[in-house]
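These notes concern the structure reproduced below.
The values are calculated or read from the model by the stated rules, or taken from the named source; none is laboratory data. As the structure is a prediction and not an experimental result, all values here were calculated from the model. No Cβ is skipped: glycine too gets one built from the backbone with ideal geometry, and neighbour counts run over all protein chains shown.
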Amino acid sequence: MREVACVNGQFMPLAEACISVNDRGFLFGDSVYEVARTYEGRVWALDRHLERLRRSLEGIQIEGVDLNAVRANMLEAYQRSGFDNAVIYVQITRGAGPRSHVPDGPMKPTILITVRLCKGAREEQVRNGVEVILVDETRWARRDIKTTNLLPNILALQQAHARGAHEAVFVTDDGWVHEASHSNLFIVSGGVVRTPPKGPALLPGITRDLVLECARRAGIPAEELPVSREALLSADEVFLTGTSSEVLGVVRIDGQPVASGTVGPITRRLHALYQDRVAAGDDA
């Protein structure tokens, strides 16, 4: 087993992968990315990830990318790695050229794919839950586009880790909560699951959508409605979703317990339902 990279269709060990110092992804963050994971030899929700990648490319107007070729290279890179459970990272930049804020004509996109071992959430985190902190919303207005411009997310997560927390949840000036630094956010109140609606304010998570579908199939009331800071702090349960972390209960916010301070029953049920869906290979 080994970490693998594919740069513009050429495969190599990850440690040997290079891009141009003139690449706009490196110079300006002029790029988008996608992260998929695998389970026991199968790339999970690949069609959904590629569709989101297509929307991101359209969102920043990168053209000339053959997503069928990207799919084929993702699968081959994964096969070459030998990992069963892996994380496949795809980054597509506008390309390389003389440093200028506005490209001088059409460019050839740079396509990077890497495969690493997936670690996922630790067993004790799933069992006992995690703590999050609240931070001010400082990001740009098109957070539905999965770009590599992640500095506010990184700083927020660094702040969380410095305080012994797992994640940072962004709160707007007017008191609305949309998502965390690298997770989607859910609350449970009165037996109803709620998550903020899709739109420019948050990334439409693949796991987010799958968990909503799991809830509705199981007859658990689930809605996509705005979540206020007050609703978050008074919720019966809070949980996060993400490609690597799956469904992860939140038991403390800024040092204060969420309800009883333990992972709630609906969170545990949704985690189990998601695991069942993975085992069944039902990612359509």
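Quick notes on this structure:
- Qualifying residue in the range 201-214 (condition: touching a residue at least 24 places away in the same chain (Cβ under 8 Å), assigned to a helix (DSSP H, G or I) and farther than 30 Å from residue 60 by Cα): yes
- Annotation: of all residues in the range 49-103 being in contact with a Pro (Cβ under 9 Å, 6 or more places away or on another chain) and charged (D, E, K, R), the one that is nearest to residue 142 (Cα to Cα) is 55.
- Tallying residues that are among the charged types (D, E, K, R) and surrounded by 15 or more Cβ atoms within 10 Å (Cβ to Cβ) within the range 198-212 yields 2.
- Look at the range 143-165: where a residue is at negative phi, no partner that is exposed (fewer than 14 other Cβ atoms within 10 Å of the Cβ) and assigned to a helix (DSSP H, G or I) sits 6+ places away or on another chain with Cβ atoms under 7 Å.
- Filter pass, residue 131 being assigned to a strand (DSSP E or B) and either among the polar types (S, T, N, Q) or over 14 Å from residue 267 (Cα atoms) (or both): yes
- Annotation: of all residues in the range 104-122 being modelled with pLDDT under 95 and loosely packed, with under 14 Cβ neighbours inside 10 Å, the one that is nearest to residue 10 (Cα to Cα) is 106.
- Residues that are of a type in the set (S, T, N, Q) and either modelled with pLDDT under 95 or over 27 Å from residue 281 (Cα atoms) (or both) were ranked within the range 175-197; the one that is surrounded by the most Cβ atoms within 10 Å (Cβ to Cβ) is 181.
- Enumeration of residues in the range 38-51 that are over 20 Å from residue 116 (Cβ atoms) and in contact (Cβ under 8 Å) with a residue 40 or more places away in the chain: 47, 48
- Candidates 11, 28, filtered to the one that is in contact with a strand residue (DSSP E or B) (Cβ under 8 Å, 6 or more places away or on another chain), surrounded by 14 or more Cβ atoms within 10 Å (Cβ to Cβ) and of a type in the set (A, V, I, L, M, F, W, C): 11
- Evaluation of residue 194 against (1) assigned to a helix (DSSP H, G or I); (2) in contact with a strand residue (DSSP E or B) (Cβ under 6 Å, 6 or more places away or on another chain) (one fails), failing number: (1)
- Filtered residue count, the range 141-174, keeping only those that are closer than 20 Å to residue 198 by Cβ, in contact with a strand residue (DSSP E or B) (Cβ under 6 Å, 6 or more places away or on another chain) and part of a loop (DSSP other than H, G, I, E, B): 2
- Strands (runs of 3 or more DSSP E) wholly inside the range 215-284 that include at least 1 residues being in contact with a His (Cβ under 6 Å, 6 or more places away or on another chain): 246-253
- Taking the range 91-117 as the range and being outside any strand (DSSP E or B) and among the hydrophobic types (A, V, I, L, M, F, W, C) as the test, the residues that pass are 102, 107.
- Residues located in the range 91-107, provided they are under 15 Å from residue 50 (Cβ atoms) and out of contact with any Phe, Trp or Tyr (no Cβ under 6 Å at 6 or more places or on another chain): 92
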